Amino acid sequence: MIKHSFILFAAALFLITSCKPAITVKALTGKWKYIKVENPNSSPPDSVKKADLDAASPYIQFTPELKFVIVWGGKFLSHGSYTLDGSNMNVKEVLPDGKTRDFAFYISELTDDEIIFESTGKDGSKVTALKVKSLLVSSE
């Protein structure tokens, strides 16, 4: 009986600790500077060199209005809107011709300082980014 109770307790504890809380707009909002970009599904797997990332200074910015913009090398690369569903971000990207493209990102990690998100498929990528902290200037 004790062994049975322990197994049930262990199973319940595992389920509770393995469930990630849903991603929130508040936690996501802000500017995130890319520090690592991988293409794990390409053949062979590939990644963007650190020197290239440093030179291009890419970032993604999320707004409370569920909009995003991606900047790479000082130029707007992509923009659009998003919705959240648990750890998934459903993206509607606005293309240069005005058409839209829908795809999903899986957010595998989100802390106050770091985000890791990835897309799937042959051209899928995995991005690690750090939150850019805004500096508040006092008027005193």
Mind listing just one residue for me: the one in the range 44-80 that is more than 20 Å from residue 123 (Cβ to Cβ) and among the polar types (S, T, N, Q) and, of those, surrounded by the most Cβ atoms within 10 Å (Cβ to Cβ)? 61
Could you figure out which of (1) over 19 Å from residue 48 (Cβ atoms); (2) surrounded by fewer than 15 Cβ atoms within 10 Å (Cβ to Cβ); (3) among the small types (Gly, Ala, Ser) isn't true of residue 108? (1)
Could you say which residue among 59, 82, 106 is within 16 Å of residue 129 (Cα to Cα), in contact (Cβ under 8 Å) with a residue 12 or more places away in the chain and out of contact with any Ser or Thr (no Cβ under 9 Å at 6 or more places or on another chain)? 59
Quick count over the range 90-139, residues being on the phi > 0 side of the Ramachandran plot and of a type in the set (Phe, Trp, Tyr), is 0
Output yes when any residue across the range 26-43 is surrounded by 16 or more Cβ atoms within 10 Å (Cβ to Cβ) and free of Cβ contacts under 8 Å to residues at least 24 places away in the same chain, and no when none is. no
Of the numbered conditions (1) over 21 Å from residue 110 (Cβ atoms); (2) at pLDDT 90 or above, residue 12 satisfies every one except a single condition; which is it? (2)
Select from the range 87-102 the residues that are out of contact with any Lys or Arg (no Cβ under 9 Å at 6 or more places or on another chain) and surrounded by fewer than 14 Cβ atoms within 10 Å (Cβ to Cβ) and write down the one among them that is nearest to residue 30 (Cα to Cα). 90
What number of residues in the range 97-120 are among the charged types (D, E, K, R) and not in a strand (DSSP E or B)? 4
When only residues in the range 117-128 that are crowded, with 16+ Cβ neighbours inside 10 Å and closer than 16 Å to residue 87 by Cα count, which is modelled with the lowest pLDDT? 119
Search result, residues across the range 40-96 that are of a type in the set (S, T, N, Q) and either within 18 Å of the chain's Cα centre (by Cα) or part of a strand (DSSP E or B) (or both): 41, 47, 57, 61, 63, 78, 81, 83, 87, 88, 90
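The values are calculated or read from the model by the stated rules, or taken from the named source; none is laboratory data. Bear in mind that the values here come from a model prediction, so they are computed numbers and not experimental data. Don't worry about glycine lacking a Cβ; one is built from the backbone with ideal geometry, like all the others, and counts go over all protein chains shown.
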